[in-house]
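Reading through the structure tokens given below for one structure.
The values are calculated or read from the model by the stated rules, or taken from the named source; none is laboratory data. This one's a predicted model, so the numbers in the text were calculated from it and none came from an experiment. Note that each Cβ is placed from the backbone with ideal geometry, even for glycine, and that neighbours are counted across all protein chains shown. Areas reflect the complete protein model, heavy atoms only, side chains present, ligands, DNA and RNA absent. Shrake-Rupley method; radii C 1.70, N 1.55, O 1.52, S 1.80 Å.
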Amino acid sequence: MIKEFKEFITKGNVLDLAIAVVMGAAFGKIVSSLVENIITPLVGIILGGINVSSLTIKVGNAVLKYGIFVQAVIDFLIISFAIFMFMKVANSLIRKKQETEEEVLEAVPASEQYLKEIRDLLQKNARQDETS
């Protein structure tokens, strides 16, 4: 059982997932800081300093703090837009890199390209043999 657990935990998928979670948390802090410290104050200036988070309604003895909810929705929209813009820039850079790689591949003779593909497949198979 311990051996199986060790194999499970050392598989690439589990490690990749763990790395993705840590990177996601770090990226989340960056985005939150961008929204809280840069974008939200600018939006506040544009809207004339309106602070919706303090809006409340009193119903009997209960106080409904709907302003905090509205602020959370606004923050979500701002964060979503910031991530969208980031991904848009990242995707354009990736496309440029792929186009450059394709241009380089076109410059390489077909026989060399086939040899490189064979080498890559052999390396991939060797890695799979090591993990199984």
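For Leu122, work out the one condition from (1) of a type outside the set (Lys, Arg); (2) at pLDDT 85 or above; (3) open to solvent by 90 Å² or more (accessible area, probe 1.4 Å); (4) not in a helix (DSSP H, G or I) it doesn't fulfil.
(4)
Return a yes/no flag: does the range 42-64 have any residue that is of a type in the set (Ser, Thr, Tyr), at pLDDT 90 or above and part of a helix (DSSP H, G or I). Reasoning before the result, please.
Pass one, the range 42-64, residues of a type in the set (Ser, Thr, Tyr): 53-54, 56.
Going one step further and asking which of them are at pLDDT 90 or above, we end up with 56.
Cutting the leftovers down to part of a helix (DSSP H, G or I) gives us none.
No: the range 42-64 contains no residue that is of a type in the set (Ser, Thr, Tyr), at pLDDT 90 or above and part of a helix (DSSP H, G or I).
Show the residue pairs meeting these rules: Cβ distance below 8 Å; 6+ apart or different chains; first residue within the range 1-14 and closer than 12 Å to Thr131 by Cα; second residue β-branched (Val, Ile, Thr) and in a helix (DSSP H, G or I).
Phe8/Val14; Lys11/Thr131; Gly12/Thr131
Among Val73, Val52, Val63, which is the only one that is over 30 Å from Glu130 (Cβ atoms), of a type in the set (Val, Ile, Thr) and within 24 Å of the chain's Cα centre (by Cα)?
So the residue among Val73, Val52, Val63 that is over 30 Å from Glu130 (Cβ atoms), of a type in the set (Val, Ile, Thr) and within 24 Å of the chain's Cα centre (by Cα) is Val73.
Only one residue in Ile39, Ile9 is out of contact with any strand residue (DSSP E or B) (no Cβ under 9 Å at 6 or more places or on another chain) and over 28 Å from Ala72 (Cβ atoms). Which one?
Only one candidate passes the filter, namely Ile9.
Considering only residues that are out of contact with any Ser or Thr (no Cβ under 6 Å at 6 or more places or on another chain) and exposed (fewer than 11 other Cβ atoms within 10 Å of the Cβ), look in the range 54-71 and name the one that is nearest to Val31 (Cα to Cα).
So the residue we want is Ser54.
Among the candidates Lys3, Lys29, single out the residue that is open to solvent by 50 Å² or more (accessible area, probe 1.4 Å), basic (Lys, Arg), closer than 29 Å to Ile68 by Cβ and part of a helix (DSSP H, G or I).
Just a single option satisfies the conditions, and that option is Lys29.
Among the residues of the range 65-84, how many are modelled with pLDDT under 90 and either farther than 18 Å from Val35 by Cα or touching a Gly at 6+ places or on another chain (Cβ under 6 Å) (or both)?
0
I'm told Glu101 meets every condition in (1) part of a helix (DSSP H, G or I); (2) open to solvent by 80 Å² or more (accessible area, probe 1.4 Å); (3) more than 30 Å from Gln128 (Cα to Cα) except one. Can you identify the failing condition by its number?
(3)
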